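The values are calculated or read from the model by the stated rules, or taken from the named source; none is laboratory data. Everything numeric in this text was worked out from a predicted model, so none of it was measured. Here the Cβ positions follow ideal geometry from the backbone for every residue, glycine too, while neighbour counts run over all protein chains shown.
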Amino acid sequence: MVSRFGVSLDKDILDDLDSFVKTHQFPNRSQAIRYLIQNAIVEEKWIEDKEVVGAIILVYDHHKKNVVNNLLEIQHDFLGSILSSQHAHLDHNNCMETIILKGKASQLKVLGNRLISLKGIKHGKLVMTAV
Ligand code: NI
């Protein structure tokens, strides 16, 4: 169900909203406001250490010593937080791994930090979201 409500905004903020809508190619203000509210709610859930979902994206050279073993070792220590993972061979050297997570925000952050800081990881990012 969709509810409508009126919002009063200063001209400056409305101008900012409209340029935000344009930059991000939202179809209308409602969609942009929905996105912004959802962002704030997701962020709060993570700050309050609620049950959340997320994903870790990792790029690494699989020739680098121990990186594959260490990645697997850590993931096996966090079985309860990992829903699935996908591996893609990007080119001769590089791999990308996407790990889908569900659990307490603090746990997922610990897992994210451990994986992203591993020796041999070129770049990694924890994407935080929530349902
Ligand atoms: Ni690979």
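Is it fair to say LYS119 is more than 14 Å from the ligand (Cβ to nearest atom) and either over 19 Å from VAL42 (Cα atoms) or more than 13 Å from the chain's Cα centre (by Cα) (or both)? When the stated conditions are applied, LYS119 passes them. For region 8-35, the set of residues classified as aliphatic (A, V, I, L, M) and in contact (Cβ under 8 Å) with a residue 12 or more places away in the chain consists of LEU17, ALA32, ILE33, listed by residue number.
The criterion of being of a type in the set (S, T, N, Q), under 30 Å from ILE37 (Cα atoms) and within 16 Å of the ligand (Cβ to nearest atom) holds for SER85.
In the set GLN75, GLN107, only one residue is in a helix (DSSP H, G or I), more than 16 Å from the ligand (Cβ to nearest atom) and of a type outside the set (A, V, I, L, M, F, W, C); that residue is GLN107. In region 48-68, the qualifying residues are those that are within 14 Å of the ligand (Cβ to nearest atom) and not hydrophobic (A, V, I, L, M, F, W, C), and the one that is nearest to ARG114 (Cα to Cα) is TYR60.
Screening LEU14 with (1) modelled with pLDDT of 95 or more; (2) closer than 24 Å to GLY124 by Cα; (3) hydrophobic (A, V, I, L, M, F, W, C); (4) surrounded by fewer than 15 Cβ atoms within 10 Å (Cβ to Cβ) gives one miss only, at (2).
Quick one: GLY80 ticks every box in (1) away from the ligand (no atom under 16 Å from the Cβ); (2) in contact with a Leu (Cβ under 9 Å, 6 or more places away or on another chain); (3) small (Gly, Ala, Ser) bar one, so which box is it? GLY80 satisfies all of (1) away from the ligand (no atom under 16 Å from the Cβ); (2) in contact with a Leu (Cβ under 9 Å, 6 or more places away or on another chain); (3) small (Gly, Ala, Ser) except (2). Determine the pairs where a residue that is closer than 14 Å to LEU111 by Cα and surrounded by 15 or more Cβ atoms within 10 Å (Cβ to Cβ), located within region 47-60, has a partner that is at pLDDT below 95 and among the polar types (S, T, N, Q) with Cβ atoms under 6 Å apart, the partner being 6 or more residues away or on another chain. Matching pairs, first to second residue: VAL53/THR129; GLY54/THR129. Just so you know, in region 90-104 the residues that are within 12 Å of the ligand (Cβ to nearest atom) and surrounded by 17 or more Cβ atoms within 10 Å (Cβ to Cβ) include one that is farthest from the chain's Cα centre (by Cα), and it is CYS95. Among the residues of region 110-131 satisfying the criterion of being of a type in the set (A, V, I, L, M) and part of a loop (DSSP other than H, G, I, E, B), which is surrounded by the fewest Cβ atoms within 10 Å (Cβ to Cβ)? In this case the residue turns out to be VAL131.
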